[in-house]
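Take a look at the structure below.
The values are calculated or read from the model by the stated rules, or taken from the named source; none is laboratory data. Computed from a predicted model, the values in this text were never measured in an experiment. Virtual Cβ from ideal backbone geometry, glycine too; neighbours counted across all protein chains shown. Just so you know, the surface numbers come from the protein's heavy atoms only, side chains and all, with ligands and any DNA or RNA stripped out. Shrake-Rupley method; radii C 1.70, N 1.55, O 1.52, S 1.80 Å.
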Amino acid sequence: FKAFKIKVGKPEIAEDVERLTKVREVAGNLPVMVDANQGWNIGHAARESGVSVKMIRHYEAIGLLPNVARTAANYRVYGDNDVHELRFIRRARALGFSIEEIRELLGLWRNKSRSSAAVKKVASRHVDELRTKISELQAMLRTLEHLTANCHGDGRPDCPILDELSSGPAHACHA
């Protein structure tokens, strides 16, 4: 088991968080070892970031969140930067960005020499995807409104909603 060991203070001390970030860059995928009292556990990081423990583990597993520091007992220890990245991910997910788009945005955010044009390109592409999805949802809404308006909703067995659903391939007949 190879690991980088680093002595840091509480995560709110900016210099220590910066040192930990630099060590992570050098360590690559190797875990960074810290003392348990030098950061937050996963539950506290979840509360501070608004991201569930399960999702934090998932983001780590898929490489969206870099390997966090670990204690000698292999417990995760989160610092301010980790919580900040989790908030970034939560906000991006709330805006509908995909995991791959968030990965790209995080990469751009971490790269201090990035161009804003690259960030705008990702966001603009997402805006176009949202507009397409909104258009599709509006067409579905119009179809369902038409069908519900033409359904008697009484004791009769005939129903235009069921007739439409069973008619074969979907089509936006009221788009």
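Averaged per residue, what accessible surface does segment 52-148 expose to a 1.4 Å probe, in Å²?
62
In nm, give the distance between the simple-model label positions of ALA149 and ALA118, each being 7 Å from the Cα along the Cα-to-Cβ direction.
With each label placed 7 Å out from Cα toward Cβ, I get 5.0 nm.
Got a number for carbon plus sulfur as a percent of segment 32-136's accessible area, 1.4 Å probe?
Accessible surface attributable to carbon and sulfur in segment 32-136 totals 54 percent.
Using only the heavy atoms of the protein chains and a 1.4 Å probe, how would SER98, SER113 rank by accessible area, largest first?
In descending accessible area the options line up as SER113, SER98.
Calculate the FRET efficiency for ASN41 and GLU129 from the Cβ-Cβ distance with a Förster distance of 45 Å, rounded to the nearest 0.05.
Computed FRET efficiency for ASN41 and GLU129 comes out at 0.75.
What order do you get for 76-89, 51-64 when each peptide is scored by the mean count of other beta carbon atoms within 10 Å, highest first?
Details: 76-89: 20.9, 51-64: 15.2.
Top to bottom by mean Cβ count within 10 Å: 76-89, 51-64.
For a quick check of understanding: with a 1.4 angstrom probe and all protein chains in place, what accessible area in square angstrom does THR132 have, to the nearest ten?
Answer for THR132: close to 80 Å² accessible.
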